[in-house]
Amino acid sequence: GKECAYTVFNPDGIAKCGIEEAFNQGATAWRKPVSCHLYPVRVKEYSSLTAVNYHKWQLCDPACELGEQLQVPVFRFVRDALIRKFGEQWYAELEEAARDHRTLS
């Protein structure tokens with residue numbers, strides 16, 4: 001029920017990943033695991049498909065509210081992680097599906 005053990009807070013109280021911060025600052029060449037990079041997206045493998053779902057958690061509410069204000073959907077927020085996991089082509093197809101969905105809505 002708490003944040004990750006590697007969570008660090010900046011002076012404004014915003015939670016960040018300590019591993020990611022160290023990577024971004026060049027203190028380590030090791031990136032955090034892709035499962036962490038994807039969060040709040042979770043991937044579950046089934047025999048016939050791979051499910052990619054948003055995991056709603058109260059801790060992420062401020063980020064989700066900002067995403068709504070900026071009109072940045074979760075899949076774009078985790079773009080780099082999705083590309084890291086599934087590749088550029090997969091992500092391009094996701095963007096196309098999102099465009100098609102907006103057109104139909």
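The HN-Hα couplings worked out from phi for the stretch 48-53 by the Karplus form 6.51 cos²θ - 1.76 cosθ + 1.60 (θ = phi - 60°) are 10, 6, 10, 8, 10, 10 Hz, whole numbers, x standing for Gly and Pro.
Taking label points 7 Å from Cα along the Cα-to-Cβ direction, Leu70 and Phe9 give a separation of 2.1 nm. Taking Cα atoms only, the orientation of helix 88-104 departs from the longest principal axis of the chain by about 60 degrees.
The amide H of Val41, built 1.01 Å from its N in the peptide plane, has His55 as neighbours under 5 Å, considering only residues 5 or more places off or on other chains. Computed from backbone phi with θ = phi - 60° and the Karplus coefficients 6.51, -1.76 and 1.60, the 3J(HN,Hα) list for the stretch 56-64 is 7, 8, 4, 4, 8, 3, x, 5, 5 Hz; x is used for glycine and proline. Among Phe9, Phe77, the ranking by other beta carbons within 10 Å of each residue's beta carbon, starting with the fewest, stands as Phe9, Phe77. Sorted ascending by nearby beta carbons within 10 Å, beginning with the fewest, Glu65, Glu20 become Glu65, Glu20.
The per residue volume of the convex hull around the alpha-carbon atoms of the chain is 149 Å³. Shown here are the Rg and Dmax of the Cα trace of the stretch 65-105, at 11.2, 29 Å.
In order along the stretch 10-27, the phi-based Karplus estimate (6.51 cos²θ - 1.76 cosθ + 1.60, θ = phi - 60°) of 3J(HN,Hα) comes to 7, x, 8, x, 7, 6, 9, 7, x, 5, 5, 4, 5, 4, 4, 8, x, 6 Hz; Gly and Pro are listed as x. Say a paramagnetic label sat at a point 7 Å from the Cα of Val34, along Cα to Cβ; which residues of the stretch 51-81 have their backbone N under 20 Å from it? Flagged as within label range: 51-55, 74-81.
Read-outs throughout are calculated quantities, based only on the coordinates presented, and are distinct from any laboratory measurement. Worth saying up front: this structure is predicted, and the values here are computed from it rather than measured. Glycine also receives a Cβ, built like all others from the backbone with ideal geometry; neighbour counts cover every protein chain displayed.
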